[in-house]
Amino acid sequence: MKDTLVAGLTATRRFTVDKDSTIDFMGDELRVYATPSLVRDVEITCREYLLDYVDEGEDSVGTRVEIDHMAPTLLGMWAEIAITVAEVKGPLVTFEFTGRDPVDQIARGRHTRFISNVAKTAQRLQAKAAKAAEG
């Protein structure tokens, strides 16, 4: 990880709320941005931001999400995720984020990611798969 990743850095990304990112359990007339889709978009925003700061062979995985989903965003609206690096503690990077649509603030929270070596992660996953196959 590059030493230029420090607290206070910011980024923003905009997503369009499409049908696949909405709830469906209240019927088509009441489709709004689903919380799991919002979380996915926060993770995408933070991961893609970190790609400029990781070394070759590194990537990041999410380890914690704290979220308040405060207002609905309608199908077809955009949702904007604004992130700020709150803390860098070794390979752990914590972001604070807010979300908004054209009308409301829709979310706020924190997200922590762990920067890892992809090859070492692959080895750990292969070892876990082998253990799972044994038992």
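Structure values in brief
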read-out	value
Computed over the chain: relative contact order in percent, which uses C-alpha pairs under 8 Å that are six or more apart	28
Reachable lysines, given that their alpha-carbon falls under 22 Å from the alpha-carbon of Lys89 and they are not under 8 places away in the same chain	Lys2, Lys120
Distance cut-off 15 Å, percentage of C-alpha pairs in segment 86-135 lying past it	66
For segment 42-112, size of Cβ-based charge dipole, Lys and Arg +1, Asp and Glu -1, in debye	300
Highest average packing first - 108-117, 22-31, Cβ atoms within 10 Å	108-117, 22-31
Furthest towards positive pole of dipole, Ala79, Thr121, Val103, structure part segment 11-135, Cβ charges	Thr121
Segment 56-120 pair-distance distribution - Cα-Cα, 10 Å bins, rounded %	21, 39, 26, 12, 1
0 to 90° range, to nearest 10: angle between helix 118-134 axis and the chain longest Cα axis	90
Convex hull of segment 19-88 built on C-alpha atoms - directionally averaged projected area, nm²	6.0
Whole-angstrom gap from segment 101-135 to segment 1-22, using each part's C-alpha centre	16
Heavy-atom accessible surface of segment 1-98: percent carbon and sulfur, 1.4 Å	51
Size of electric dipole in the chain: Cβ of Lys, Arg +1 and of Asp, Glu -1, about Cα centre, debye, nearest 20	440
Around Arg13: net Lys/Arg minus Asp/Glu count, Cβ-Cβ under 14 Å	-2
Ranked by how many other beta carbons lie within 10 Å on average, peptides 120-130, 47-57 from highest	47-57, 120-130
Magnitude of the charge dipole, segment 16-66, Cβ model with Lys/Arg +1 and Asp/Glu -1, debye to 20	280
4 °C / 1.567 mPa s Stokes-Einstein diffusion coefficient of the chain, Kirkwood radius on C-alpha pairs, µm²/s	80
Translational diffusion coefficient (Stokes-Einstein; Kirkwood radius from C-alpha pairs) of segment 1-42 at 37 °C, 0.692 mPa s, in µm²/s	258
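The values are calculated or read from the model by the stated rules, or taken from the named source; none is laboratory data. Just so you know, these numbers come straight off a predicted model, no measurement behind them. Methodologically, a virtual Cβ is constructed for each residue, glycine included, from the backbone with ideal geometry; neighbour enumeration extends over all protein chains shown. These area figures cover heavy atoms from the full protein model, side chains too; ligands, DNA and RNA do not enter into them. Shrake-Rupley method; radii C 1.70, N 1.55, O 1.52, S 1.80 Å.
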